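Novice: The structure's right below; bear with me while I get my questions together.
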Amino acid sequence: MRETLIRGAAVVVTMDGTRREIAGGDVLIREGAIAAVGQGLSSSGEVVEARGCVVTPGLINTHHHLYQTLTRAVPGGQDALLFGWLKTLYPIWAKMGPEEIRVSAQIGLAELALTGCTLSSDHLYMYPNGARLEDTIDAARLVGLRLHATRGAMSIGESAGGLPPDSLVEREGDILDDCIRVIDAFHDPRPGAMIRVGVAPCSPFSVSRELMRDAALLARDKGVMLHTHLAENDEDIAYSLAQFGCRPGQYAEDLGWTGDDVWHAHCVKLDGSEIDLFARTRTGVAHCPCSNCRLGSGIAPVRTMRDAGVKVALGVDGSASNDAGSLIAEARMAMLLQRVQNGADAMSAREMLEIATLGGAAVLGRPDLGSLEPGKRADLAIWDVSGLEAAGAWDPVAALLLSGPPKVKHLFVEGRPVVRDGQIVTFDLPRAIEVQNRLARRLAG
Ligand SMILES: [Zn+2]
């Protein structure tokens, strides 16, 4: 029997129904699941000493474009708004192929793992030069993180009035066929799944109304989730009003893009009636504060959405608009921005940790994840608060967001170690970094 005991943590943050925090706590993992949480537990299996550490559920990332780790800090995109930023980057992305997609995903997933993330979704919406969704899935299997890979798409190129170059768009029939192919090949609906697949046209400004509608029908037929970008900034709202004659929330609702099986990235510009719509329909939101800052999009109304009952989770967004991919840093930024918008008592560190864990599990439809309770899958992050960043901290749980550390000591996914003593143990990360830098130089020409 595969068993690991995490023993003697300074605090175990369970995120259970009563949000119990256990001082001097232990977590017993058996066959990939949490077997027990408490004090004084014992095991004949492996023991991991957690003295001086805070143990939390693994953080959950609900929006990313992993391939973008290859285009961090691109000069022409550093200071542009969303649409101008996209137009700078599209031609570079068009030069990528399977190797770029696979290696960049390894890098992005490793960065997430080291910053506390155990489950990431990914939104891959272009397939240049033979790239396929499984290039990303292969990377997740290598790194050992759970992945909700979404089959994105763009179908309206420049010549048809869209934003992307024609070379990056696909025919809508081909898109739907490939969605079916990857769902049938890779989607695992069972509790404990390591890989799930979703359907994710890139945005209302890069696919047709028909594809949005057909994607929703297909996803429901297959029992998979739907994801896209929505209401990201003022340009986005203006485009919706001009092209569709309605706001993004209305557009989403008309085409079947609301419900418990849908989550939208950003939602910076949702108005009151759209927030009500999302709450009523149990539609989820992936909040990506660093990207929203980086592109000057604004501050999403997270406090208002939470108070209205909207499911909110965190996303680092792609590394071309962050340009980091640290989930714990994203949580800190999210907490700080809600205070900028609403005052110092608007968002506590603990509420933000809840959004980063339980919030992510709710948005991605994973009741088997998000908390440390018997029966849940064993995804957990172990943070050493005995070092420099948290030195002098009075409250080690709040310190995770208020002061640090910025990286985990250990990380377990499905009870298996992905990070030990601050190092990725599942694959050769230094080698991947070398390859990544070589690929980036090649893209830069
Ligand atoms: Zn995005």
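The values are calculated or read from the model by the stated rules, or taken from the named source; none is laboratory data. No experiment lies behind these values; they were computed from the predicted model shown. Because the Cβ atoms are built from the backbone with ideal geometry, glycine has one as well, and the counts that use them run over all protein chains shown. The protein model used for the area step is the full one, side chains on, heavy atoms only, and it has no ligands, DNA or RNA in it. Shrake-Rupley method; radii C 1.70, N 1.55, O 1.52, S 1.80 Å.
Novice: Residues that are within 23 Å of Arg431 (Cα to Cα) and away from the ligand (no atom under 14 Å from the Cβ), at least 3 per element: which helices (runs of 4 or more DSSP H) completely within region 48-165 meet that? Even if it seems obvious, please write down each step before you answer.
Specialist: On the way: elements: 82-93, 98-114, 133-143.
The qualifying helices (runs of 4 or more DSSP H) are 98-114, 133-143.
Novice: Which fully enclosed helices (runs of 4 or more DSSP H) of region 308-374 have 1 or more residues being of a type in the set (A, V, I, L, M, F, W, C), over 13 Å from the mean Cα position of the chain (by Cα) and within 16 Å of the ligand (Cβ to nearest atom)?
Specialist: On the way: elements: 327-342, 349-354, 360-363.
Once the helices (runs of 4 or more DSSP H) in region 308-374 are filtered for at least 1 residues that are of a type in the set (A, V, I, L, M, F, W, C), over 13 Å from the mean Cα position of the chain (by Cα) and within 16 Å of the ligand (Cβ to nearest atom), what remains is 327-342.
Novice: Please specify each residue of region 346-365 satisfying the condition of being under 25 Å from Met225 (Cα atoms) and touching a helix residue (DSSP H, G or I) at 6+ places or on another chain (Cβ under 8 Å).
Specialist: So in region 346-365, the residues under 25 Å from Met225 (Cα atoms) come out as 352-365.
Answer for region 346-365, where residues must be under 25 Å from Met225 (Cα atoms) and touching a helix residue (DSSP H, G or I) at 6+ places or on another chain (Cβ under 8 Å): Met352, Leu353, Ile355, Ala356.
Novice: If you don't mind, there's one more thing I want to ask. State yes or no: is Arg377 open to solvent by 10 Å² or more (accessible area, probe 1.4 Å), of a type in the set (Lys, Arg), at pLDDT 95 or above and closer than 28 Å to Thr71 by Cα? Step through it out loud before you land on a result.
Specialist: Numbers: open to solvent by 10 Å² or more (accessible area, probe 1.4 Å): yes; of a type in the set (Lys, Arg): yes; at pLDDT 95 or above: yes; closer than 28 Å to Thr71 by Cα: no.
Judged against the criteria, Arg377 is not a match.
Novice: Additional query: Quick check on my filter: what residues within region 276-289 are of a type outside the set (Val, Ile, Thr), away from the ligand (no atom under 11 Å from the Cβ) and crowded, with 24+ Cβ neighbours inside 10 Å? Even if it seems obvious, please write down each step before you answer.
Specialist: Of region 276-289, the ones of a type outside the set (Val, Ile, Thr) are 276-280, 282, 284, 286-289.
Checking which are away from the ligand (no atom under 11 Å from the Cβ) leaves us with 276-280, 282, 284, 287, 289.
Those that are of a type outside the set (Val, Ile, Thr), away from the ligand (no atom under 11 Å from the Cβ) and crowded, with 24+ Cβ neighbours inside 10 Å: Phe278, Gly284, His287, Pro289.
Novice: When only residues in region 292-302 that are surrounded by fewer than 19 Cβ atoms within 10 Å (Cβ to Cβ) and closer than 25 Å to Gly116 by Cα count, which is nearest to the ligand (Cβ to nearest atom)? Break it down stepwise before answering.
Specialist: Applying the first criterion (surrounded by fewer than 19 Cβ atoms within 10 Å (Cβ to Cβ)) to region 292-302 yields 293, 296, 298-299.
Filter again for closer than 25 Å to Gly116 by Cα, leaving 293, 299.
Values: Cys293: 14, Ile299: 17 Å.
Only one residue tops the list, namely Cys293.
Novice: Looking at Leu411 and the list (1) surrounded by fewer than 23 Cβ atoms within 10 Å (Cβ to Cβ); (2) assigned to a strand (DSSP E or B), which single condition is not satisfied?
Specialist: Just one mismatch for Leu411, condition (1).
Novice: Also: Which condition number does Gly404 fail, the rest of (1) open to solvent by less than 10 Å² (accessible area, probe 1.4 Å); (2) within 27 Å of Ala36 (Cβ to Cβ) being met?
Specialist: Going through the list (1) open to solvent by less than 10 Å² (accessible area, probe 1.4 Å); (2) within 27 Å of Ala36 (Cβ to Cβ), Gly404 breaks only (2).
Novice: Considering only residues that are in contact with a Phe, Trp or Tyr (Cβ under 8 Å, 6 or more places away or on another chain) and closer than 26 Å to Ala361 by Cα, look in region 111-134 and name the one that is surrounded by the fewest Cβ atoms within 10 Å (Cβ to Cβ).
Specialist: So the residue we want is Glu134.
Novice: Do we have any residue at all in region 159-166 that's surrounded by 21 or more Cβ atoms within 10 Å (Cβ to Cβ), among the polar types (S, T, N, Q) and either without any contact (Cβ under 8 Å) to a residue 40 or more places away in the chain or under 30 Å from Pro367 (Cβ atoms) (or both)?
Specialist: Scanning region 159-166, I find no residue that is surrounded by 21 or more Cβ atoms within 10 Å (Cβ to Cβ), among the polar types (S, T, N, Q) and either without any contact (Cβ under 8 Å) to a residue 40 or more places away in the chain or under 30 Å from Pro367 (Cβ atoms) (or both), so the answer is no.
Novice: Can you find, within region 368-413, the residue that is farthest from Ile195 (Cα to Cα) among those that are touching a helix residue (DSSP H, G or I) at 6+ places or on another chain (Cβ under 7 Å) and among the small types (Gly, Ala, Ser)?
Specialist: Per the criteria, the residue is Ala393.
Novice: Go through region 241-251 residue by residue and tally those that are open to solvent by less than 60 Å² (accessible area, probe 1.4 Å), without any contact (Cβ under 8 Å) to a residue 40 or more places away in the chain and closer than 25 Å to Cys293 by Cα.
Specialist: Initially, region 241-251 is screened for residues open to solvent by less than 60 Å² (accessible area, probe 1.4 Å), giving 244, 246, 248-249, 251.
Filter once more, so that each one left must be without any contact (Cβ under 8 Å) to a residue 40 or more places away in the chain: 246, 249.
Still in the list and also closer than 25 Å to Cys293 by Cα: 249.
The qualifying residues number 1.
Novice: (1) within 26 Å of Thr258 (Cα to Cα); (2) without any contact (Cβ under 8 Å) to a residue 60 or more places away in the chain: which one isn't true of Ala349, the others all being true?
Specialist: The single condition Ala349 does not satisfy is (1).
Novice: Okay, next question. Of the residues Leu70, Leu66, Leu86, only one is surrounded by fewer than 24 Cβ atoms within 10 Å (Cβ to Cβ) and more than 30 Å from Glu21 (Cα to Cα); which?
Specialist: Working: Leu70 fails: surrounded by fewer than 24 Cβ atoms within 10 Å (Cβ to Cβ); Leu66 fails: surrounded by fewer than 24 Cβ atoms within 10 Å (Cβ to Cβ).
Answer to the selection: Leu86.
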